[in-house]
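What follows is a single structure, written as structure tokens, with notes after it.
Any read-out appearing in this document is the output of simple, stated calculations on the displayed coordinates, not a laboratory observation. As the structure is a prediction and not an experimental result, all values here were calculated from the model. No Cβ is skipped: glycine too gets one built from the backbone with ideal geometry, and neighbour counts run over all protein chains shown.
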Amino acid sequence: MPLTLFNTLGHEVQRFQSIKPGALGFYGCGPTVYNYAHIGNLRAYLVHDILARTLRRAGFEVTHVMNITDVGHLSGDNDEGHDKMVKSAEERGKSVLEVADLYTQAFFNDTGRMNIERPTIVCKATEHIPDMIALIKRIEEHGYTYFAGGNLYFDITKFTTYGELARLRLDDLKAGARIAVDENKRNPHDFVLWFTKSKFENQALVWDSPWGRGYPGWHIECSAMSIKYLGETIDIHAGGIDHVAIHHTNEIAQSEAATNKHPWVNYWVHNEFLVMDRGKMSKSSGGFITLQTLIDAGYDALDYRYFLLGGHYRSQLQFSYTALDGARNARKVLGDRVRALADKAGAPAKNVEGKAKIYLDAFNAALEDDLSTPRALAELWGLARDSEAEAGEALAALLDMDRVLGLRLEQEMVRREKAVEDPALVAEITGLIAERLAAKKAKNFARADEIRQGLKERGIILEDKPEQTVWRVL
Ligand code: AMP
Ligand code: ZN
């Protein structure tokens with residue numbers, strides 16, 4: 001099956017083809033580290049993770065690059081408002097770099113707990129200022145910029161395909177534009193490449209540049225770092241759907257203006273939003289839920305991962321605790337099933353054939369069809385529930401599926417060793433042993449056997465000794 005992806009550029013599902021055979025470069029916009037990631041942001045990174053894992057599974061060597069925004073991102077993506085990092089540092093009484101370190105670590109702690117693999121290259125904006133300056137110089141040399149009020153702007157009217165990604169029309173852009181807050185802009189959709197005077201007073205981090213001492217606009221970092229690590233034409237670029245109209249539209253304009261290469265990115269992949277009952281989840285609105293909020297409420301980070309896999313990345317997904325309960329429960333049943341298969345088979349089969357293979361093929365096809373994780377999960381459950389599939393093969397296929405799903409099913413196989421530490425489970429087993437003894441005394445051997453068998457399926461073995469029944473974990 002060929003791998004297909006919905007490409008925002010072109011608005012259709014397309015067969016994926018890499019520039020170089022067998023290898024590809026993938027850039028995903030990373031976090032602005034002024035606060036904890038909320039669970040909506042984590043949806044974006046889970047999608048990047050599933051994309052990278054699916055591409056690797058399909059045989060590609062994937063270089064996945066992610067930036068860390070620690071300078072230049074204003075509260076409005078369109079150069080409006082205050083610098084998010086500076087404001088956060090002021091509020092917390094810390095330096096910008098301290099805030100960046102704190103939330104970068106928190107970010108990787110969250111993604112680690114969700115079993116989101118670390119990108120191949122993680123790059124910080126503040127460590128790439130010379131690359132940004134070099135790229136801006138190229139844009140300037142090609143005649144796309146103007147200097148006004150102390151800032152260097154990108155003139156979108158010079159870039160004839162501006163807005164192609166978002167299917168924006170320049171006439172609409174002008175007519176529908178909000179009143180420009182920045183009177184230096186010739187067109188409201190022009191954007192800053194380099195700030196000096198404007199919003200400058202409290203800027204903690206500034207650098208010398210050909211346009212004066214200052215700091216970069218937000219969009220230029222992604223162009224500069226992706227080009228540095230992945231070259232001037234890139235296979236895949238991903239981010240949230242909110243980035244289509246401004247951030248990615250501007251990234252394209254800058255990169256293509258600098259390199260004269262069109263298209264700069266071959267496939268644009270955008271994830272839809274996680275939404276709350278009350279609408280959009282954002283860092284500034286009330287519904288700010290972090291992964292830690294869920295963990296404090298007794299959930300496992302993988303329950304949230306499972307919940308996210310249940311939605312297709314191009315559909316909005318509504319968060320609710322009821323849905324998260326469902327995910328937790330499903331994960332528990334799945335874990336029990338994996339343990340039961342492990343007990344039955346002893347070990348996963350070396351080769352997957354027969355019935356299990358049919359599910360595994362359908363699972364791969366679902367993922368390769370524009371990353372359909374809901375259909376992939378349905379295939380996983382089909383196999384988990386199919387008692388006719390040979391146990392060792394079923395187990396091997398489930399573990400193989402988990403290389404993409406990332407639910408740590410392998411750990412479920414060993415979790416039973418920890419069961420003895422769980423007092424509720426010990427009490428339950430002791431109670432069942434007493435019930436079985438009573439059933440045997442009453443000559444209800446069917447019930448006694450049922451209890452023994454039920455426990456065995458959960459990895460608990462009963463042994464009848466002369467004076468008592470003991471149990472052990474398989
Ligand atoms: P930020 O840290 O604000 O730059 O956002 C990080 C990533 O999260 C970006 O790719 C956003 O598009 C994405 N994002 C923001 N809010 C949501 C949401 N509610 N659901 C899914 N993705 C989101
Ligand atoms: Zn970006």
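Dipole magnitude for the chain: computed about the Cα centre from +1 point charges on Lys and Arg Cβ and -1 point charges on Asp and Glu Cβ, it is near 900 debye.
Going by a ≥ b ≥ c, the root eigenvalues of the Cα gyration tensor, does region 318-411 fall in the rounded group (a/c under 1.5), the prolate group (a/b larger than b/c) or the oblate group? Mind showing how you got there, number by number?
Values: a/c = 2.11, a/b = 1.29, b/c = 1.63.
Cα axes put region 318-411 in the oblate bin.
Our coupling estimate for region 121-135, obtained by passing each phi through the Karplus curve with A = 6.51, B = -1.76, C = 1.60 and θ = phi - 60°, is 10, 10, 10, 8, 4, 5, 8, 10, 4, x, 5, 5, 4, 4, 5 Hz, Gly and Pro reported as x. Note that region 113-120 has calculated 3J(HN,Hα) couplings of 5, 8, 6, 8, 5, 5, x, 4 Hz, one per residue in order, obtained from phi through the Karplus relation 6.51 cos²θ - 1.76 cosθ + 1.60 (θ = phi - 60°); glycine and proline are x. Can you grab the distance from the C-alpha centre of region 236-270 to the C-alpha centre of region 93-159, Å, no decimals? Region 236-270 and region 93-159 have Cα centres separated by 15 Å.
Across the alpha-carbon set of region 1-144, the Rg to Rh ratio works out to 1.01, Rh being the Kirkwood radius.
Order these peptides, 459-470, 213-224, by their mean beta-carbon neighbour count within 10 angstrom, highest first.
Details: 459-470: 12.2, 213-224: 25.1.
Ranked from most to least packed, the peptides come out as 213-224, 459-470.
A cut-off of 5 Å between modelled amide H atoms, ignoring neighbours fewer than 5 places along the same chain, links residue 274 with 317.
Grab the Cα-Cα distance for residue 122 and residue 323, subtract it from 0.36 nm times how many residues apart they are, and report the gain in nm with one decimal. Intermediate values should be presented prior to the final figure.
Details: separation 201, 0.36 × 201 = 72.36 nm, distance 3.25 nm.
Gain on stretching residue 122 to residue 323: 69.1 nm.
Considering only 184, 109, 64, and ranking their Cα positions along the charge dipole of the chain that arises from unit charges at the beta-carbon of Lys, Arg, Asp and Glu, the one farthest toward the positive end is 109. Taking the C-alpha atoms only, the angle from helix 373-385 to the longest principal axis of the chain is near 10 degrees. Against the chain, whose longest principal axis comes from its Cα atoms, helix 39-57 is set at around 80 degrees.
Here 55, 302 are placed in order of increasing Cβ neighbour count within 10 Å, fewest first, which gives 302, 55. For region 4-271, the pair-distance distribution built from all alpha carbon pairs, in bins 10 Å wide starting at 0, is 7, 30, 37, 22, 5, 0 percent. By the gyration tensor of its Cα atoms, with a ≥ b ≥ c the square roots of the eigenvalues, what is the shape of region 422-473: rounded for a/c under 1.5, prolate for a/b over b/c, or oblate? Prolate shape, in that a/c is at least 1.5 and a/b is the bigger ratio. Between amide H atoms placed 1.01 Å from N, distances below 5 Å from residue 13 occur with 7, all of them 5 or more places distant or on a separate chain.
Quick one: order 95, 209 by neighbouring beta-carbon count within 10 Å, fewest to most.
95, 209
The spacing between region 2-21 and region 282-355, judged by their C-alpha centroids, is 28 Å.
Think of the chain as having a plus end and a minus end, set by charges on the Cβ of Lys, Arg, Asp and Glu; of 409, 88, 442, 442 sits farthest toward the positive end of this dipole.
Applied to region 183-189, the Karplus parametrisation 6.51 cos²θ - 1.76 cosθ + 1.60 on θ = phi - 60° returns per-residue 3J(HN,Hα) values of 6, 6, 6, 6, 10, x, 9 Hz, with x for Gly and Pro. Around the amide H of residue 145, modelled in the peptide plane, lie the amide H atoms of 155, all under 5 Å away and 5 or more residues distant in sequence or on another chain.
A 28 angstrom limit on the alpha carbon distance is what I want to check against. Which of 355/456; 332/441; 94/228; 94/137 exceed it? Walk me through the intermediate numbers first.
Details: 355/456 25 Å; 332/441 34 Å; 94/228 31 Å; 94/137 33 Å.
Going by Cα-Cα distance, 332/441; 94/228; 94/137 fall outside the 28 Å limit.
Run the helix sum for the chain: -39,500 (n - 2.57) per DSSP H stretch of 4+ residues, divided by residue count, reported at 222 nm to the nearest 500 deg cm²/dmol.
Value at 222 nm, helices only: -14000 deg cm²/dmol.
If one computes the Cα centroid of region 45-65 and of region 358-399, what distance in Å separates the two points? The two parts, judged by their Cα centres, are 19 Å apart.
Note on 369, 208: ascending count of other Cβ atoms within 10 Å places them as 208, 369, the fewest first.
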